[in-house]
Amino acid sequence: MYDENNIFAKIIRGEIPCNKIYEDDTSLFFHDINPTAKIHALGVPKSSCIDFADFINKNNSSIVAGFFNNVEIVIDKLGIKDSGYRLISNSGINGRQEVPHFHIHILGGERL
Ligand code: AMP
């Protein structure tokens with residue numbers, strides 16, 4: 001079951017600040033508080049979804065496509081489109097997901 005009090009839900013509700021990169025009605029992108037690369041951004045849909053499968057299953061195709069279009073916009077905004085980057089989404093125990101709200105890590109700015 002989705003935990004309404006996970007840290008990303010609080011960031012989406014504006015209860016906790018974030019270093020925002022991009023936001024629209026359906027998603028929010030911000031810098032990771034503990035970056036593991038020179039550039040480490042996170043992207044979250046605003047709807048309540050635990051992981052990738054939950055996001056895909058609970059949302060219609062225009063929301064899903066909109067989210068991934070925004071990932072591309074943020075990659076461009078971060079200036080890493082040409083130099084390259086890595087997209088990661090951890091899920092569950094084996095994926096070592098820490099925050100139970102679906103998110104994409106965008107890593108780049110250096111050779112990973
Ligand atoms: P994951 O292991 O995929 O669930 O990754 C969770 C990520 O969230 C980690 O990279 C954390 O550094 C990051 N994180 C946790 N709290 C915050 C926060 N308040 N603001 C930004 N990033 C955070």
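Throughout, read-outs are computed from the coordinates displayed, never taken from laboratory work. The structure presented is a predicted model; accordingly, all values stated were derived computationally and were not measured. In this analysis, Cβ positions are derived from the backbone assuming ideal geometry, glycine residues included, and neighbour counts consider all displayed protein chains.
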- Would you mention how many residues in the range 79-100 are under 14 Å from the mean Cα position of the chain (by Cα), part of a loop (DSSP other than H, G, I, E, B) and surrounded by 12 or more Cβ atoms within 10 Å (Cβ to Cβ)? 6
- Message: What pairs come out if I take residues in the range 19-34 that are under 14 Å from Ile104 (Cα atoms) and in contact (Cβ under 8 Å) with a residue 24 or more places away in the chain and pair them with residues that are surrounded by 13 or more Cβ atoms within 10 Å (Cβ to Cβ) and of a type in the set (Ser, Thr, Tyr) whose C-beta lies under 7 Å away, six or more apart or interchain?
- Response: Phe29/Tyr22
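Residue by residue, here is whether (1) touching a strand residue (DSSP E or B) at 6+ places or on another chain (Cβ under 7 Å); (2) away from the ligand (no atom under 11 Å from the Cβ) holds:
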| site | (1), (2) |
| --- | --- |
| Asp3 | no, yes |
| Phe8 | yes, no |
| Arg13 | no, yes |
| Ile16 | no, no |
| Asn19 | yes, no |
| Asp24 | no, yes |
| Pro35 | no, no |
| Ala41 | yes, no |
| Lys46 | yes, yes |
